[in-house]
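Structure first, commentary second.
All of the numbers you see were taken from the coordinates with simple rules; none came from a lab. Everything numeric in this text was worked out from a predicted model, so none of it was measured. All Cβ positions, glycine included, derive from the backbone under ideal geometry; neighbour counts span all protein chains shown.
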């Protein structure tokens, strides 16, 4: 696994079946309850049209969001990350008004057998998401991580994300920590 080559690219609008399969696998992960706001039970019940629309809205050429995947030589999707564009002055998912146009990384998932590999799948996905963000003119990229998801938080920090000091409360009295990566040219 570690020596495989991967193509890192945006999804295509006709790849809704692969998008659905990867998302359902992500929602079955043991830490899915910490990482995702969606449940497997709700996602698996969605009709094909939902997945087709979701895929088309995040495919290559879309401007409001972009889903980036790592595809192995064998055609297996090893993982993905999605960048949501949050325009300045427009309420975000939490009802806040961003001061600048920013990206919000969501849906970060790499299949367990590809995590921590020498191939650097997760790092390559993040590099591509940040590159797409910069090319799209975004001034800032942020993400949220559950306060009990130490593995993910450690990776995000290693990748250059820093805590902002902001948190978002979650059901059960826990919270999500906001981390940001300020994009600079060069």
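Listed by first and then second residue, the pairs linking a residue in the stretch 119-147 that is touching a residue at least 12 places away in the same chain (Cβ under 8 Å) and on the phi > 0 side of the Ramachandran plot to a residue that is surrounded by fewer than 19 Cβ atoms within 10 Å (Cβ to Cβ) and assigned to a loop (DSSP other than H, G, I, E, B), with Cβ atoms under 8 Å apart and 6 or more places separating them unless they lie on different chains, are 137/101. Scanning the stretch 61-72 for residues that are more than 15 Å from the chain's Cα centre (by Cα) and under 21 Å from residue 104 (Cβ atoms), we see that the one that is surrounded by the most Cβ atoms within 10 Å (Cβ to Cβ) is 62. Can you find a residue in the stretch 102-114 that is over 16 Å from residue 26 (Cβ atoms) and surrounded by fewer than 20 Cβ atoms within 10 Å (Cβ to Cβ)? The answer is no, given that none of the residues of the stretch 102-114 is over 16 Å from residue 26 (Cβ atoms) and surrounded by fewer than 20 Cβ atoms within 10 Å (Cβ to Cβ). Residues that are farther than 21 Å from residue 68 by Cα, out of contact with any strand residue (DSSP E or B) (no Cβ under 9 Å at 6 or more places or on another chain) and free of Cβ contacts under 8 Å to residues at least 60 places away in the same chain number at least 1 in the following helices (runs of 4 or more DSSP H) confined to the stretch 1-49: 40-44.
Kindly provide the set of residues from the stretch 148-173 that are free of Cβ contacts under 8 Å to residues at least 60 places away in the same chain, surrounded by fewer than 16 Cβ atoms within 10 Å (Cβ to Cβ) and in a helix (DSSP H, G or I), ordered by number. Passing the criteria: 150, 154, 157, 158, 171, 172, 173. Note on the stretch 83-97: residues that are in contact (Cβ under 8 Å) with a residue 40 or more places away in the chain and surrounded by 18 or more Cβ atoms within 10 Å (Cβ to Cβ) total 2.
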